[in-house]
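Undergrad: Quick one: this structure, given as structure tokens, is what I'll be asking you about.
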Amino acid sequence: MSTGNSYFDDLRNKPEVIDPPQIEDLLDVGEHVNDTSESALKPNVTISSNVRELLECPVCLNAMYPPIHQCSNGHTLCSGCKPRVHNRCPTCRHELGNIRCLALEKVAASLELPCKYQNFGCIGIYPYYSKLKHESQCTFRPYNCPYAGSECSVIGDIPFLVSHLKDDHKVDMHSGSTFNHRYVKSNPHEVENATWMLTVFSCFGQYFCLHFEAFQLGMAPVYIAFLRFMGDDNEAKNYSYSLEVGGNGRKMIWQGVPRSIRDSHRKVRDSFDGLIIQRNMALFFSGGDRKELKLRVTGRIWKEN
């Protein structure tokens, strides 16, 4: 969105990534950082929009954290954007120097704000310098759509994403903890990273995503099947699953723990955390003249005691 100030707009449109402050950097603030568990049930507080605007960097529009810089006229700037403006205040164009706005840092330290995932159910109120750390770990933070066939930007809670997968991506939905799937491809010699399938299973009151995909591993095309849990990692560890594929009197078996959908599809795939089948072996399992892929993958999900 244009601000009417071409200088700001040019800075924001530059393809330069400004890293947010690291969590460990914020912890160095010392007395400003309290145990977030102590703040979880504090009554809500109202922070005026004017104070929030004071803590917003005029260049990147992100919240500012120490060190907060200012020019001799009192205009502020975050430490991430300071190198980008070549030591010139983006507001008045005066030289910035190395003046630190300690007053604003102290104002920020006195603030308590609601979690940005308040609309998803988080009721916590957190000190300004603890809020970023909490939000990076908040159990109410929404999940990304686990659909792997496109760059889907939809986020939401689990019930919303299940409906989204069913209605928008037309993903197959199954009830039960066992599965028996057949994967067929007419020309298995053409392997692209977009060759994949996704099925959602409902069991134990939870949802699981079964992925099957062909991708290029170096010069060799391979197939991989793996399971992801629609929830957080600490819950995923309560379950295990097995996958089996075979033919012509041979079989391969994989057993593992489903990964949370907090881990992206690509991250799980590239870590090879699943049943991996080399193309030659896959064609051997398929039988016939090896000109068509015909794989049957069976498996089950169970809950650990």
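The values are calculated or read from the model by the stated rules, or taken from the named source; none is laboratory data. Computed from a predicted model, the values in this text were never measured in an experiment. Ideal geometry is used to build each Cβ from the backbone, glycine not excepted, and the neighbour counts take in all protein chains shown. The area values use the complete protein model at the heavy-atom level, side chains included, leaving out ligands, DNA and RNA. Shrake-Rupley method; radii C 1.70, N 1.55, O 1.52, S 1.80 Å.
Undergrad: Among the numbered criteria (1) closer than 30 Å to R266 by Cβ; (2) in contact (Cβ under 8 Å) with a residue 12 or more places away in the chain; (3) surrounded by fewer than 13 Cβ atoms within 10 Å (Cβ to Cβ); (4) of a type in the set (G, A, S), which one does S153 miss?
TA: S153 satisfies every listed condition except (2).
Undergrad: Do any residues in the range 53-78 that are charged (D, E, K, R) have Cβ atoms under 7 Å from those of residues that are at pLDDT below 90 and not in a loop (DSSP other than H, G, I, E, B), where the two are at least six apart or on different chains, and which pairs are they?
TA: So the pair list comes out as E56/A63.
Undergrad: Read through the list (1) in a helix (DSSP H, G or I); (2) without any contact (Cβ under 8 Å) to a residue 60 or more places away in the chain; (3) out of contact with any Phe, Trp or Tyr (no Cβ under 7 Å at 6 or more places or on another chain); (4) open to solvent by less than 80 Å² (accessible area, probe 1.4 Å), then give the number of the only condition that L283 fails.
TA: With (1) in a helix (DSSP H, G or I); (2) without any contact (Cβ under 8 Å) to a residue 60 or more places away in the chain; (3) out of contact with any Phe, Trp or Tyr (no Cβ under 7 Å at 6 or more places or on another chain); (4) open to solvent by less than 80 Å² (accessible area, probe 1.4 Å) applied to L283, the lone miss is (2).
Undergrad: Something else now. Tally up the residues in the range 47-78 that are open to solvent by 50 Å² or more (accessible area, probe 1.4 Å), of a type in the set (S, T, Y) and within 19 Å of K133 (Cα to Cα), please.
TA: 0
Undergrad: State which residue is nearest to E151 (Cα to Cα) when the search covers only the range 253-280 and only residues that are in a helix (DSSP H, G or I) and of a type in the set (D, E, K, R). Steps first, answer last, please.
TA: Within the range 253-280, the subset in a helix (DSSP H, G or I) is 265-270, 279-280.
Add one more test, that the residue is of a type in the set (D, E, K, R), and what stays is 266-267, 269-270, 279.
Values: R266: 11, K267: 14, R269: 16, D270: 17, R279: 27 Å.
Ranking the qualifying residues of the range 253-280, first place goes to R266.
Undergrad: Just to be sure, is C89 without any contact (Cβ under 8 Å) to a residue 40 or more places away in the chain, in contact with a strand residue (DSSP E or B) (Cβ under 6 Å, 6 or more places away or on another chain), under 24 Å from Q70 (Cβ atoms) and surrounded by 13 or more Cβ atoms within 10 Å (Cβ to Cβ)?
TA: Values: without any contact (Cβ under 8 Å) to a residue 40 or more places away in the chain: yes; in contact with a strand residue (DSSP E or B) (Cβ under 6 Å, 6 or more places away or on another chain): no; under 24 Å from Q70 (Cβ atoms): yes; surrounded by 13 or more Cβ atoms within 10 Å (Cβ to Cβ): yes.
It is false that C89 is without any contact (Cβ under 8 Å) to a residue 40 or more places away in the chain, in contact with a strand residue (DSSP E or B) (Cβ under 6 Å, 6 or more places away or on another chain), under 24 Å from Q70 (Cβ atoms) and surrounded by 13 or more Cβ atoms within 10 Å (Cβ to Cβ).
Undergrad: Within the group Q278, Q206, Q216, which residue is at pLDDT below 90 and surrounded by 13 or more Cβ atoms within 10 Å (Cβ to Cβ)? Even if it seems obvious, please write down each step before you answer.
TA: Working: Q206 fails: at pLDDT below 90; Q216 fails: surrounded by 13 or more Cβ atoms within 10 Å (Cβ to Cβ).
Among Q278, Q206, Q216, only Q278 is at pLDDT below 90 and surrounded by 13 or more Cβ atoms within 10 Å (Cβ to Cβ).
Undergrad: Given the condition among the aromatic types (F, W, Y), modelled with pLDDT of 50 or more and in contact with a strand residue (DSSP E or B) (Cβ under 9 Å, 6 or more places away or on another chain), answer yes or no: does some residue in the range 63-79 qualify? Talk me through it step by step, then tell me what you get.
TA: Pass one, the range 63-79, residues among the aromatic types (F, W, Y): 65.
Checking the rest, the ones that are also modelled with pLDDT of 50 or more come to 65.
Narrowing the set further to residues that are in contact with a strand residue (DSSP E or B) (Cβ under 9 Å, 6 or more places away or on another chain) leaves 65.
For the range 63-79, residues among the aromatic types (F, W, Y), modelled with pLDDT of 50 or more and in contact with a strand residue (DSSP E or B) (Cβ under 9 Å, 6 or more places away or on another chain): present.
Undergrad: May I ask you to list the residues in the range 58-71 that are out of contact with any His (no Cβ under 6 Å at 6 or more places or on another chain) and under 15 Å from L102 (Cα atoms)?
TA: Scanning the range 58-71 gives M64, Y65, P66, P67, I68, H69, Q70.
Undergrad: Could you check the range 106-130 and list, in sequence order, the residues that are open to solvent by 20 Å² or more (accessible area, probe 1.4 Å) and either in contact with a Cys (Cβ under 7 Å, 6 or more places away or on another chain) or among the acidic types (D, E) (or both)?
TA: Of everything in the range 106-130, those that are open to solvent by 20 Å² or more (accessible area, probe 1.4 Å) and either in contact with a Cys (Cβ under 7 Å, 6 or more places away or on another chain) or among the acidic types (D, E) (or both) turn out to be E112, Y117.
Undergrad: I'd like the full set of residues that are open to solvent by less than 90 Å² (accessible area, probe 1.4 Å), farther than 15 Å from V51 by Cα and either out of contact with any Lys or Arg (no Cβ under 8 Å at 6 or more places or on another chain) or in a helix (DSSP H, G or I) (or both), limited to the range 93-105.
TA: Matches in the range 93-105: G97, I99.
Undergrad: Could you grab the pairs with beta carbons closer than 8 Å, sequence gap of 6+ or different chains, first residue in the range 96-111 and free of Cβ contacts under 8 Å to residues at least 60 places away in the same chain and within 13 Å of N73 (Cα to Cα), second one open to solvent by less than 20 Å² (accessible area, probe 1.4 Å) and of a type in the set (D, E, K, R)?
TA: Listed by first residue and then by second, the contacts come to nothing, as the list is empty.
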